[in-house]
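To start, the structure itself, in structure tokens.
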Amino acid sequence: MENYLKKQAKRYFPLKESIRLGITLFGVSLLTFLMLEFVPGDAAEMILSSHNDAVSAEKIAALRKELGLDSPLPIRYLNWLRRAVSLDLGNSFRTGDPVSREILNSLPTTLTLAFFTFLFAVVVSVAGGIVSAMFQNRLPDKCHRLWTIIAVSVPDYWLGLILMLIFSLKLHWVPVAGGTGFRAFILPVLTLGLSVSASEGRVFRASILEILSQDYVLFAYSKGLTRIKVFIRYMFKAAVIPMISMWGMLLGHLLGGAVIVESVFSLPGLGKLAADAVLNRDMPMIQGTVLTMTFFFIITSRIMDVIYFMLIPQYRKT
Amino acid sequence: MNDPKQINRLILSGGFLSLILLFTALTGEKTAPHDPLSINLEYRLLPPSSEYLLGTDHLGRCVLSRIICGTRNSLASAFGAMSLALITGISIGFVSGLASRKTDTLIMGICDVVLAFPFLILVLVLTGMMGPSLKSLIIGVGIAGWAWWARFVRGMVLNAEEKDFVRQGKAMGLSHISLILRYILPQILPPLLVSISLTTGRMIVVISSLSYLGLGVQPPAPEWGTMLKESRLYLSSAPWLVIAPGMAVSLSVLAFNLLGEGLKDYFQVRPIYDKNT
């Protein structure tokens, strides 16, 4: 364990880490750019064919020149990157609106969904982990394991449809997809939260069990403290630390937009924007959404890594 | 978890379910009570009955037959995608683990970039770009998935290389290939099997999710995700259309998850967490 932490701490040497992050971001932008280069038909053809039916070769050539599509690949990449850095991601082929504005408009939905799902998942997984660890290998633990396996097996879009069928169509408790306000988020949060919290509960359980056998916990018990006091004072924080990076990844994923669940419930978030863009072959929108999601994903996991290292006492100074 | 009876129960139930799935996928049309493609508008949206055990869809097709025949599409695509990612990833992982430091850094850098994308988004875009079809979905999952396996195998190889008997094998002058086959592979096989089983389940979910969005198998061919997409509009009037295909997906994913969990207990493998869950 000690050795592992040292290795990890070395990895977080800031300069080296920033260089690596920079290289990864560069790779991500290059890959996003190249992915859409291989698609048959370029932007000029797409724009013209979406506006009028008769497309002449001269018109395409003229527009291609105007858009700078006739310059060589590296130049085009650099131009694209320069604009992307200044948040100019081009205009959507479908609506003609700037991509950055549409992405900005979709963020409140995605952020709300991500925030509540994250809260739900953390609370449920912590509660499930504690209960199953305290009753290790007894009935509640076995039920929790079975529940985890089932929850992981049920695909989230189907769970969404079933919840919609029960709570919207049969019981009329919440509006069917497309409603507004907080009530529109109840079912999506429940759907996403149930499917992501299950496996995290198992990890938290394992983390608690590992700490249960530590000397200082034994010592605390032998001082005559009650189970609950030992748990709150000595175990909880130590057990949570390994969860931080998992929660970081989860948050990154959620911020990147839940493509499937947003589509099922017709929530106008980042994920639905991306899915619609792919189905409509709306290139600038695809590039924009992919870059945004990946950026969120990378940044969140980095921030969580930093928090993780700040929480481990030995490395707080580094 | 140390209870051997439970170990057997998990593997047995998972294995049993997988065998049923395999049987259904192989026999397909022969066991289906009706032709999965024959349209009969007189019998549209019928609730489950003795003639149509799971009812009929909006075109009057037998839902049970479509689910049975859809098994092959759904499972074969998951296996195909899985094998593509697995074979590529494992070979690259071995190369990276045994190669010089420079090559290793380069390969891991590429993995970093691929893994920086959220998995589902990467598959979504790759599949969308190649044009919606089963083939592009399989290739998309393969391209997005290899990096995880490569990193996983590389880590295992580096771990195994530290062991004394592997060093001895090296000192004896064994070639890379026989070193891998005789000393390294047996060590990394148990965690690999567990991961393969659990990931197969996840691939079934990913592929049916993307089919649900309209990127996989194109109608009228039966596939579970595609069936759910078509029947979504009849959620209130014909709920059996939505319940049945979803049950099929859940059961097949459950089969591989049970198998994976059982193997995990059996081999006493420490849990392996996927970046993308």
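The values are calculated or read from the model by the stated rules, or taken from the named source; none is laboratory data. Predicted model, so just to flag it, every value in this text is computed and none were measured. Heads up, the Cβs are rebuilt from the backbone with ideal geometry, glycines too, and the neighbour counts pull from every protein chain shown. Each accessible area value is taken on the protein alone, full model and side chains, heavy atoms only, with ligands, DNA and RNA left out. Shrake-Rupley method; radii C 1.70, N 1.55, O 1.52, S 1.80 Å.
Structural remarks
- The residues of the protein assembly as shown present an accessible area of 48 Å² per residue when probed at 1.4 Å with all protein chains retained.
- Between the Cα long axis of helix A:14-35 and the first principal axis of chain A there is an angle of about 40°, rounded to the nearest 10.
- Sites residue B:189 and residue B:53 - FRET efficiency at Förster radius 41 Å, r taken between beta-carbons, to 0.05: 0.50
- Taking the Kirkwood radius as Rh and the Cα radius of gyration as Rg, chain B has a ratio of Rg/Rh equal to 1.06.
- Scanning residues 5 or more positions from residue A:91 or on other chains, those with amide H under 5 Å from its amide H are A:99, with H placed 1.01 Å from N in the peptide plane.
- At least 50 Å² of accessible area lost relative to the chain alone, listed for region B:112-136 with a 1.4 Å probe: B:112, B:113, B:116, B:117, B:118, B:121, B:124, B:125, B:129
- Across chain B, Cα pairs under 8 Å and at least six residues apart give a relative contact order of 26 percent.
- Highest-fluctuation residue, B:248, B:116, B:25 considered, GNM on chain B with Cα pairs under 10 Å: B:116
- Rounded to the nearest whole Hz, the Karplus-based 3J(HN,Hα) values (6.51 cos²θ - 1.76 cosθ + 1.60, θ = phi - 60°) of region A:137-153 follow the sequence 6, 9, 3, x, 5, 5, 4, 4, 5, 4, 4, 4, 4, 5, 4, 6, 7, with x at glycine and proline.
- Set of region A:119-137 residues, backbone N closer than 13 Å to the point 7 Å along the Cα-Cβ line of residue A:227: A:130-137
- Taking a quarter of the surface of the Cα convex hull of region B:154-201 gives a mean projected area of 3.4 nm².
- Computed over the protein assembly as shown, Cα set: Rg, Dmax in Å: 25.5, 88
- Under 12 Å from residue A:59, Cα to Cα: aspartates and glutamates that are on another chain or at least 8 residues apart: A:45
- Debye intensity ratio in log₁₀ form over the Cα atoms of chain A, taken at each q of 0.07, 0.09 Å⁻¹: -0.40, -0.63
- Taking 0.36 nm per residue of separation and subtracting the current Cα-Cα distance, fully stretching the chain between residue A:30 and residue A:280 would add 87.8 nm.
- Temperature 20 °C, viscosity 1.002 mPa s: under these conditions the Stokes-Einstein estimate for region B:30-111, based on its Kirkwood radius over C-alpha pairs, is 133 µm² per second.
- The calculated pair-distance distribution of region A:68-185 uses every alpha carbon pair, bins of 10 angstrom beginning at 0, and gives 10, 22, 24, 20, 15, 8, 1 percent.
- Heavy-atom accessible surface of residue A:234, to the nearest 10 Å², is about 70 Å², with a 1.4 Å probe and all protein chains retained.
- Computed over region A:106-268: relative contact order in percent, which uses C-alpha pairs under 8 Å that are six or more apart: 38 percent
- Members of region A:122-170 that become less accessible by 50 Å² or more once partner protein chains are added (1.4 angstrom probe, chain alone as reference): A:145, A:149, A:153, A:155, A:157, A:158, A:161, A:165
- Helix-only mean residue ellipticity at 222 nm for chain B, each DSSP H run of n ≥ 4 adding -39500 (n - 2.57), per residue, nearest 500: -24000 deg cm²/dmol
- When each of A:142/B:229; A:142/A:272; B:102/B:170 is checked by Cα-Cα distance, pairs over 27 Å: A:142/B:229; A:142/A:272
- Here is the interface size for A with B: some 4300 Å² of accessible area buried, both sides summed, with a 1.4 Å probe.
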